[in-house]
Structure formats: structure tokens, C-alpha cells
Amino acid sequence: MIKYLLLLPIITALLGIVAKTQKQIETISIIGSACTLIFGLALVSEVFRYGTINTWENILFADPFSAFLVLIVSLVGFIISVYSIDYMGHEIQNGVIDLKKLKIYYVFFHLFMFTMLLVGVTNSLILWIAIEMTTLFSVPLITIYTKKTSIEAAWKYLIICTVGITFALFGTILTYYATIQVLGEGGSELNWASLLAIADQFDPTLMKIAFVFILVGYGTKVGFAPMHTWLPDAHSEAPSPVSALLSGVLLNCAMYGIIRFHTITSASVGTEFTSNLLIMFGLLSLGIATPFIIMQDDYKRLLAYSSVEHMGIIALGFGFGGVLGIFGALFHMFNHAVTKSLMFSVAGNILHKYETKKIYEVSGVVKSMPYTGPMLVIGGLAITGSPPFSIFLSEFTILAAGFSQGYILTSVLVLLFIITIFVGFFNHINRMAFSKPPEGITVGDVSRWSLGAMLILIVLITVTGVYIPPQFSDMIMQVVDVVR
Amino acid sequence: MSDVIVPGLIQSLIALILASTFMLLGSKRLYTCVRIFGFQSLLLALVAALVAYSTGKNELYIMALLTLIIKAILIPHIFIMISKKIGVKREIELYVNIAPSLLIGGSLFVISYYLAQSISISVPQLNNALPVSMSMIFIGPFMMISRKKTLTQIFGILIMENGLFLGTITLTSGMPLIVELGIFFDVLVGVLVMGIVVFRINETFETTDTDELRTLIG
């Protein structure tokens, strides 16, 4: 099952290369991502029903945590590929890109999907290769417009993330060294479960150094402050569907890497060391994102900084630990992926209508765009953590974990940051959504495909906000057992 | 007899690798930098081959060969090709001058030496390799922030990669082959992608100066 899941995006990309017309590429892309979603869901149900899968010379490995990531990647990937049809079609119509560029877009879109799926279903060593590949394959997506700003963003992204990831490789090598000290040479069982089983025999000092390298390395890719500087640039300069993928899915992939090593390192040196580091980076990210959100004048950068904030909250959840904290953090990973994709889709629609990214040049979206407007308000409420949407639940769970684990001061600080961000963020949304639309803006919205994709996202965040289906919470509980 | 010669040879090669890192920090001409990097990769390939010889791990020979082909020959060629195509100046422009650069490099080495002390090493004849490898991992990013041109920033990453490779053979005498191959693939693709982006930067900005890449702030 894993092999087919990984093959699908590659086949889709290859078919995309030979496609001749716009219609063909779009059809291939939609069918490809739909099949990826179906196989992803099949893998998820297989793992949750029959347990861990370990195949292909121990290189491919899937346990509940992997399945959880695969679920996020394939679900958001499918929805965004549907959204892409309209968005990129609009660019073609207006002559911003040509057919060749469109082909590049869809080919790399699916290759990017492949690398992110690989992150989820592989062992500790290949993980590094997969995460580095996510950077390399997403650069062509960011530079698709060949504008000055997007190339600058791509360069920063490439350089900063490559350096970060090189640190992570050193951490991975140190962990591998710790493994062969226990297993001896030729210990080929390097998947997460077997590493965890022997983690208590690892040399603690070594593991501490390794974890610091991993945390700084993959943390760069997650967008932890102060290594987050590439993130607002790349997220704001990429086409909106790509921003959604980068923010909603890619950041989660890097977070997944950190949490895997967090589990192993805690088994070796005790939870305190890694948890404190996670809490530190989480709080710092939250603190640095706050002023940038309040002062922001570009709505795509606003969303990017909001991603820094939410990654910080997820790190805090894992740092607080306990069943409650980890449950909250995992639930938040899912919620953030879905809500942020919605917000970037909304931002894409607004960008096409108003042709500006400046917040103060956008007004009256509710009047000028009858469907996107309400979605902007709903998404804005959801992303800032208001009830009855799912992010409220997960943030509440994480805070409850913080208070119950005795991190009183940290939790109070987090609460203050979240409230400040709510006020600042909603101030921007308010300005954009209500008041009078500028002269010369016609009333009208984007086509049905995009709106349909966005509607699915809204249903997801509202349903999980009021009622978590027992199967879903059961699934997260199984992941909690793996991560703990 | 080889028991005495091989470890000694490895030690001196590692010393040369360290020296070449500092030469890179201290040189101001682009082509010299490319040559030094090629030379360093050659030394690295020799170390890998010698470790393969002394530990009897045949996989490492493949890695030595790949290092030779990709890092010592292919990547320097790509570099010279790119620099000719976009016509960069031969002089490397620096934010930090050579003397302070070397001083900072030296202190990074001292830090790495102390950090490496806390990790015990499996192959005794490689005792000095870990501090060298770690210092290369730290000097790489420093080189990137101290240089103005995008093309020369790539050197920083390559130095880090070389340091990492030295680290893998030092600590573990090689990771599983498929992993090493994957890492090589990533490095090669990485350099290619960076080359393409440098082209694009040159096309759109008509310069490869990083000073121009400063519009996105806040």
C-alpha cells in the first residue's frame, strides 16, 4: 500500500510532463490527487486496523503517527489541487504565466506531494533526504512568477532551509552513531519503533547534542523564531495554492521530524530536556509573531506570521506533554493545516479581485465577493481561535494541559499572546471584510471549483469544532500512544 | 606495517582538510576557491578510501568514488560554467575582512573541539576528525553570511556538506549505502537548483549581489 501511495504522485507528475493542453494537465492533476487521497485514506485505515507496517528492506515504515501525517498531506493536497484549477487558470487567462509554466507548476506540485508523503512513511535516516527534497521540489513552485520578489524569496528559502537541514543531518548522524553503539554495525532496523525500543540504552550526552542539532535544523523548516525569516517571504511570494501547501502541510512535515526525535530523545534522557527546549522555541515563536501580526500591512505575510504563531502553539502542546498536551498538539496540527489552507485560498481570491496584497487597499470584501467575503470572516474567526471552530478546541486543550502540568506562567503568557493576536488579526480582517468597497470593483466571485474546495474546508473546521467524531479522536489517541 | 601507516596518513589528510577550510576562508579569488574546494573533496575521497581499506567496508569505496566524481570534479565544473555564463567578477566581495574571518574561523574550531570532547569515537585513528568535521559545519554558515555574492554563498553549504561527510565516516564509518546515495543525490540536485536560481537572480536583477535581495522585510 505504501509503495502505491508513493508511486501515484510520481506517475501523475510524469503524465503531466507529456500532457499537451491545459485541460489535459488539469484533469490529470485532479485525478492524480484524488487517487492519492483514496490510497492515503486506505493506508490510514490499514494502519489503524492492523497496526504498524514495515516493508521494503525496512525503508518504508508506517505507524499511527505516519498515518496521521499522510492523512493531512493527502487531504489538504487534494483540496488544494482542486483549488489550483481556478487559480492557475486565472493566471493563464490574464497572461501572467504560459502553458509551459503551468506544466512546471503541476509537475512540481505532485513531486512536492510525493516528497511530503515520503516524510511520513519512512525511517529515521531517509527522513532527512525526504525533508531536503521538499525544499528542492518546492523552489520551482515559488519562482513560478519569476518576479524579483519571488526570486528573492526563493533564494532565502533555499539557502536558509538548506543550512538548517544540514544541521539536522548532523543530528541524524549522531543519533545513528548512538544506535550502532547499541546494536553494532549492520543494525539495519532503523525505523522509529525499533529506535524507540532501544532508546533507553543510548548515550544521554550524545542524544542531547543530537537533539539540539535536530531541533535547530528541522526547526528552521518549521519556522520557529528566530530561524523563521524565510517563511513570510516564501509564503507571501508563492502562488496562493502553494502558500497553502507550504503553510498547511510542509510545516507539519518538519514538525513531525522534530517530534519523532523528541520521543526518542526523551526515552533516552528523560522528558524534561526536550520539553523545555520545545516550550522555549514555542514561546519565542509566539512572542515574535505577535508584533509582526499587529503591525502587518500585507495580508499574505499576515497569514505567514500566523503560521509561525500556530507552529509555536503546537510546539508548546508537545512540550507541555501528557495525554492532554499531545492530543491538543496533534489536533492542532490537523486544524491548522485545514484552516490555514482555507485562509490562503481566501487570500488568493482576494488577490485576484483586488490585485494588491496590501491590507489597507482591500475593503468591503463581503459586499464585492458574496461567497469569499463570508469565508474570510469565518476563516478569520477560526484561525484566531474563536469558538465554535476547531482551533478553539485544540488551543483550549493545549492551554489546559499547560495549566494542569504546572506551567502556570508560560500558559498565562501564551494566553496573553493569543488574545493580543486575536485582537490584532481581527482588526485587519475587519478592515478587509467590511466597510465600503473601493470604486470600480465589480461584484462577483470566483468559480464553483474553488468555492467547492473551500466549502469542504469550512465544513471540516466547523464540524470538528463542535463535535469530534469518535473514530477521529480514537485515531488521535492511538497517535498519542506512539508519540508519548 | 599498514597498521601504522594508514592511521598516520588519515591523520595528516584530516589536517590538510582543516587547512583547506581555512584557505577557503582566506582566499579572495573565485577560481581559487573553486580549486580549493575541489582539492578538499579529493582529500575527503582519499580519507574515505583509506577508512574503507582499514575497516574492510567495501561500501565506503563507492562513497569515495562518488565524492571524487561529484564533489571533486562535477561540482567545480558546474561552478566554473555558471560563473562564466553570468560573467561574475573574479574577486569575491566580503562583508567581513579576511583577518577577522580567520580569527572567527579559529574560534569556531576551538568551540567545536570542546564540543567534540563530549562524544566518544568508535574508530580510534579518527580521533581528530570529529572536531574538524564540526568546525566545518560551523564555518560553512559563517562563510555564507560574510560573502556578498550569491554564487559564493553556495560554498558555505558545500563546506558544511563536506564536514558532514567527514563526520559520518568519523563517527560511524559510513551510513547504509542507500542513505549515503540519497544524500549525494540531494547535494547534487541542491547545487543544480541553486545554480538555476542564481541564473534567475542574474537575469532579473542583472547582478548576483545579495544587497539587491533586500526588499522583503517585516
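Could you tell me which residue of the stretch A:93-134 is farthest from the other protein chains (Cβ to nearest Cβ), considering only residues that are part of a loop (DSSP other than H, G, I, E, B) and crowded, with 22+ Cβ neighbours inside 10 Å?
The initial filter retains those residues of the stretch A:93-134 that are part of a loop (DSSP other than H, G, I, E, B), namely A:94-98, A:121, A:123.
Then drop every residue that is not crowded, with 22+ Cβ neighbours inside 10 Å, which leaves A:121, A:123.
On the way: A:Val121: 15, A:Asn123: 9 Å.
Here the residue is A:Val121.
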Of everything in the stretch A:224-265, what is assigned to a loop (DSSP other than H, G, I, E, B) and either under 16 Å from A:Ser341 (Cβ atoms) or touching an Asp or Glu at 6+ places or on another chain (Cβ under 8 Å) (or both)? Give them in sequence order. A:Ala238, A:Pro239
Looking at the stretch A:145-171, which of its residues are more than 7 Å from every other protein chain (Cβ to nearest Cβ) and not in a helix (DSSP H, G or I)? A:Lys147
Looking only at residues in the stretch A:192-223 that are within 14 Å of chain B (Cβ to nearest Cβ) and assigned to a loop (DSSP other than H, G, I, E, B), which one is surrounded by the most Cβ atoms within 10 Å (Cβ to Cβ)? A:Phe202
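Among the residues of the stretch A:51-85, write down those that are assigned to a strand (DSSP E or B) and of a type in the set (Ser, Thr, Tyr).
Of the residues in the stretch A:51-85, the ones assigned to a strand (DSSP E or B) are A:53-55, A:60-62.
Residue satisfying the conditions is A:Thr55 alone.
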Those residues of the stretch A:81-138 which are over 20 Å from A:Leu14 (Cβ atoms) and hydroxyl-bearing (Ser, Thr, Tyr), in sequence order: A:Tyr83, A:Tyr87, A:Thr122, A:Ser124, A:Thr135
Identify, from the list B:Val187, B:Val179, the residue that is crowded, with 22+ Cβ neighbours inside 10 Å, at the interface with chain A (Cβ under 7 Å from one of its Cβ atoms) and within 21 Å of A:Thr135 (Cα to Cα). B:Val179
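Out of B:Val198, B:Val189, B:Val193, B:Val179, which single residue is touching a residue at least 60 places away in the same chain (Cβ under 8 Å), assigned to a helix (DSSP H, G or I), in contact with a helix residue (DSSP H, G or I) (Cβ under 9 Å, 6 or more places away or on another chain) and not basic (Lys, Arg)?
B:Val198
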Counting just the residues of the stretch B:204-218 that are farther than 30 Å from A:Ile294 by Cα and more than 8 Å from chain A (Cβ to nearest Cβ), which one comes out surrounded by the fewest Cβ atoms within 10 Å (Cβ to Cβ)? B:Glu206
Per-region count, the stretch B:148-176, residues within 7 Å of chain A (Cβ to nearest Cβ), farther than 30 Å from B:Ser83 by Cβ and part of a helix (DSSP H, G or I): 2
Within the bounds of the stretch A:178-199, is there any residue that is out of contact with any Lys or Arg (no Cβ under 7 Å at 6 or more places or on another chain) and of a type in the set (Phe, Trp, Tyr)? no
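Only the coordinates and a few stated rules stand behind these numbers; no lab work does. Computed from a predicted structure; not experimentally measured. No Cβ is skipped: glycine too gets one built from the backbone with ideal geometry, and neighbour counts run over all protein chains shown.
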